[in-house]
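Inspection log for the structure reproduced underneath, given as structure tokens.
The values are calculated or read from the model by the stated rules, or taken from the named source; none is laboratory data. Please read these numbers as outputs of a predicted model, since none were measured by experiment. For neighbour counting, all protein chains shown are included, and Cβ atoms are generated from backbone atoms with ideal geometry for every residue, glycine included.
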Amino acid sequence: MTQFDFNLLYDKYPETIASMNDPFTSHQFILELARQNQVLYIEALYAYRHQARINKPAPFMIVHGRLARHLFEYPNLITQLRKDAPSKDIFNQDNWCSEWKKVN
């Protein structure tokens with residue numbers, strides 16, 4: 001599997017979380033993380049450009065999955081409200097994801 005140092009993006013989580021409105025979804029978080037860190041985000045996608053799922057290219061699915069799962073590493077900053085919040089993914093397709101709330 002292609003390598004990308006996700007720690008470069010993970011280091012941006014606290015400031016991105018701080019900029020989010022409450023509550024927010026994983027999809028909203030990833031879009032904001034990407035907006036604030038466009039070069040790193042593109043590098044992550046590029047590193048996984050040849051990765052596939054069900055014989056179809058899936059760099060967004062793989063990268064976004066890793067980014068979303070890493071939100072669980074910040075229990076001092078956020079708590080999961082639900083794991084099945086209806087949401088639109090980056091391609092504006094109906095989907096579901098976790099919903100989060102900042103810890104006071």
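A single entry from Leu31, Leu67 fulfils the requirement of being in contact with a Leu (Cβ under 8 Å, 6 or more places away or on another chain), modelled with pLDDT of 95 or more, not β-branched (Val, Ile, Thr) and not in a loop (DSSP other than H, G, I, E, B): Leu67. Just one of (1) surrounded by 15 or more Cβ atoms within 10 Å (Cβ to Cβ); (2) modelled with pLDDT of 95 or more fails for Pro75. It is (1). For the range 66-84, a residue qualifies if it is small (Gly, Ala, Ser) and more than 24 Å from Leu45 (Cβ to Cβ), but none of them does. Take the conditions (1) of a type outside the set (Lys, Arg); (2) surrounded by 14 or more Cβ atoms within 10 Å (Cβ to Cβ); (3) part of a helix (DSSP H, G or I); Leu81 misses just one of them, which is (3).
So how many residues does the range 89-100 have that are surrounded by 14 or more Cβ atoms within 10 Å (Cβ to Cβ) and assigned to a strand (DSSP E or B)? So that I can check it myself, show each step before the final result.
Kept after step one, since they are surrounded by 14 or more Cβ atoms within 10 Å (Cβ to Cβ), are these residues of the range 89-100: 89, 95-100.
If we keep only those that are assigned to a strand (DSSP E or B) as well, we get 95-100.
The total comes to 6.
Taken over the range 1-45, the criterion of being crowded, with 16+ Cβ neighbours inside 10 Å, of a type in the set (Gly, Ala, Ser) and over 10 Å from the mean Cα position of the chain (by Cα) is satisfied by Ala44 alone. Cβ-Cβ below 9 Å, separation at least six or inter-chain, first residue in the range 78-104 and more than 14 Å from Gln28 (Cβ to Cβ), second of a type in the set (Phe, Trp, Tyr) and in a loop (DSSP other than H, G, I, E, B): which pairs? Taking only residues 6 or more apart or on different chains, the pairs are Val103/Tyr74. For the range 48-64, residues that are modelled with pLDDT of 95 or more and either part of a loop (DSSP other than H, G, I, E, B) or hydrophobic (A, V, I, L, M, F, W, C) (or both) total 1. Of all residues in the range 89-100, none are touching a Ser or Thr at 6+ places or on another chain (Cβ under 8 Å) and within 13 Å of Tyr10 (Cα to Cα). Of Arg53, Arg69, all but one fail to be surrounded by fewer than 13 Cβ atoms within 10 Å (Cβ to Cβ), without any contact (Cβ under 8 Å) to a residue 12 or more places away in the chain and more than 11 Å from the chain's Cα centre (by Cα); the exception is Arg53.
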